[in-house]
Every structure is written in C-alpha cells, then in structure tokens.
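Novice: After the structure tokens below, expect a handful of questions from me.
The values are calculated or read from the model by the stated rules, or taken from the named source; none is laboratory data. Values in this document were obtained by computation on a predicted structure and should not be read as measured data. Methodologically, a virtual Cβ is constructed for each residue, glycine included, from the backbone with ideal geometry; neighbour enumeration extends over all protein chains shown. These area figures cover heavy atoms from the full protein model, side chains too; ligands, DNA and RNA do not enter into them. Shrake-Rupley method; radii C 1.70, N 1.55, O 1.52, S 1.80 Å.
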Amino acid sequence: MSAPLATPETLSKERLRLWLRMLRVTRQVEAALREKLRLEFDSTLPRFDVMAALYRDREGLKMNELSKRLRVSNGNVTGIVDRLAEDGLVERIAIEGDRRATLVRLTSAGCDAFTVMAKAHEGWVNELLDGVDAEDAHHIGELLHRLPADTGAQPR
C-alpha cells in the first residue's frame, strides 16, 4: 500500500505521527524492560546499560569513555559504577601516568551476571515485539537506518 503524494504539510504531519508512534512504543517497551529487570534481577535499566557497554569492551573503559558511550553525565555513571563495584560486578583499575583517570571493567562475576541478564533481556524484547515477524523487523530496521544517526544534541 503506497502513501498518497505528500505536500510539505502532509509530510510534516506524517513524520510527527511517526515520531509519536515511535516514542510511545519505545516508552512502553522500556517500561516493561525496567519492570522485568527490577523483578527478576533486582536491577535497573541504567545498570544493565553500563554492564552491556563494559561487556562489549572486555578490556574496560575509562569513566569518561563510558559516559560518552552511554550519552549520560559522568556523575550518573559514577553512582552506577560505585554500586556495581560494591556488588563485586566491576572493578576499577588505576591508569598508570594519569592519577585522575580510572579504567572500569566487568569482573568474572560481572560477566557471568550480565550473560544471564542479556539472555533474559533478549527473550523479553522478543516477546514484547511478538507481532513483528523477521522480514518486518529487518525492513523497519532498514527504514530507521535512513534517519539521521546524530542530531548534534549533547548528553546532559
């Protein structure tokens, strides 16, 4: 089914409706994931995100690199890393020659815990998007790749 020819006004309205739909779905999925992480792992989505970033970079990341990667403030990351360190899931390593910088990486227990959480997370997302088949998921992904990747907005 093809869309009717768009005027600048109708195109603008369609894009606005698309944005609102994407935002609604994102918020619904995110809320469900937050609840599942809380109930099943006594964890939070930001904590999961930090662990995911460190899992991808097994050698670890400097705190400022972690903040940039997650697009959040250093203060936000510091609090999460503090709690993960208290739980034995990450370790801080001093960087030789730079007294202010610290490298953070998952411990063995952190890798194990994240592996279990990530598998559950994947299953939850799969359930939440149950109405989307593989072909549609691929097509939607391709369409979303057309959108600008960076709006120039800076993290808070």
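Novice: Report the calculated FRET efficiency for LEU129 and ARG99 (r = Cβ-Cβ distance, R0 = 30 Å), to the nearest 0.05.
Specialist: With R0 = 30 Å, the Cβ-Cβ based efficiency is 0.05.
Novice: With the crude spin-label approximation of a point 7 Å out along Cα→Cβ, what separation in nm comes out for THR7 versus ARG21?
Specialist: Label-label distance for THR7 and ARG21, simple model: 2.2 nm.
Novice: Taking the 0 to 90 degree range and rounding to the nearest ten, how far is the long axis of helix 8-41 tilted relative to the main principal axis of the chain, both from C-alpha atoms?
Specialist: The angle comes out near 40 degrees.
Novice: Under a GNM of the chain (C-alpha, springs under 10 Å), which listed residue has the highest mean-square fluctuation: LEU66, LEU33, LEU23?
Specialist: Maximum among the listed residues: LEU23.
Novice: In the Gaussian network model of the chain, springs joining C-alpha atoms below 10 Å, which of GLY88, GLY141, GLY60 carries the largest mean-square fluctuation?
Specialist: GLY141
Novice: So, one more: Along the Cα→Cβ direction, 7 angstrom out, place labels at ASP42 and ALA118. What is the inter-label distance in nm?
Specialist: With each label point 7 Å from Cα toward Cβ, the separation is 2.4 nm.
Novice: Shifting gears a bit: With a cut-off of at most 13 other beta carbons within 10 Å, and DSSP calling the residue loop, which trypsin sites (Lys or Arg not before Pro) in the range 28-70 qualify? Please list them.
Specialist: ARG58
Novice: Here is a further query. Farthest toward the dipole's positive end in the range 73-156, which of VAL116, THR102, LEU147, given Cβ charges of +1 (Lys, Arg) and -1 (Asp, Glu) about the Cα centre?
Specialist: About the Cα centre, the residue reaching furthest to the positive side is THR102.
Novice: Here is a further query. Where does each of ILE95, ILE80 land when they are ordered by accessible area, with a 1.4 Å probe and the largest first?
Specialist: If we order ILE95, ILE80 from most to least accessible, we get ILE95, ILE80.
Novice: Rg over Rh of the chain, using C-alpha atoms and the Kirkwood radius, what does it come to?
Specialist: Reported Rg/Rh, Kirkwood definition of Rh: 1.06.
Novice: Treating cross-link reach as a plain straight distance, find the lysines whose alpha-carbon is under 28 Å from the alpha-carbon of LYS36, omitting any fewer than eight places away in the same chain.
Specialist: LYS68, LYS119
Novice: Relative to the Cα centre, what is the charge dipole magnitude of the range 29-74, using +1 at the beta carbon of each Lys and Arg, -1 at the beta carbon of each Asp and Glu, and rounding to the nearest 20 debye?
Specialist: 160 debye
Novice: How charged is the neighbourhood of LEU23? Take every other residue with its Cβ under 13 Å from the Cβ of LEU23, and add Lys/Arg as +1 and Asp/Glu as -1.
Specialist: Computed value for this residue: +4.
Novice: Shifting gears a bit: Per residue of the range 63-79, what does 6.51 cos²θ - 1.76 cosθ + 1.60 with θ = phi - 60° give for ³J(HN,Hα)? Whole Hz please, x for Gly and Pro, Karplus curve as stated.
Specialist: Each residue's phi maps through the Karplus curve to give 4, 5, 5, 5, 4, 5, 4, 8, 6, 9, 6, 4, x, 4, 5, 4, x Hz.
Novice: Then there's this: Would you calculate, for the chain, the mean residue ellipticity at 222 nm contributed by helices, counting each DSSP H stretch of 4 or more residues as -39,500 (n - 2.57) and dividing by all residues, to the nearest 500?
Specialist: -21500 deg cm²/dmol
Novice: Something else about it: Can you figure out the FRET efficiency of LEU147 with ARG56, using R₀ = 30 Å and their beta-carbon distance, to the nearest 0.05?
Specialist: With a Förster radius of 30 Å, E is 0.85.
Novice: Let me ask something else. Going through the range 46-131, which GluC sites (Glu not before Pro) have at most 12 other Cβ atoms within 10 Å and a DSSP loop state?
Specialist: GLU59, GLU96
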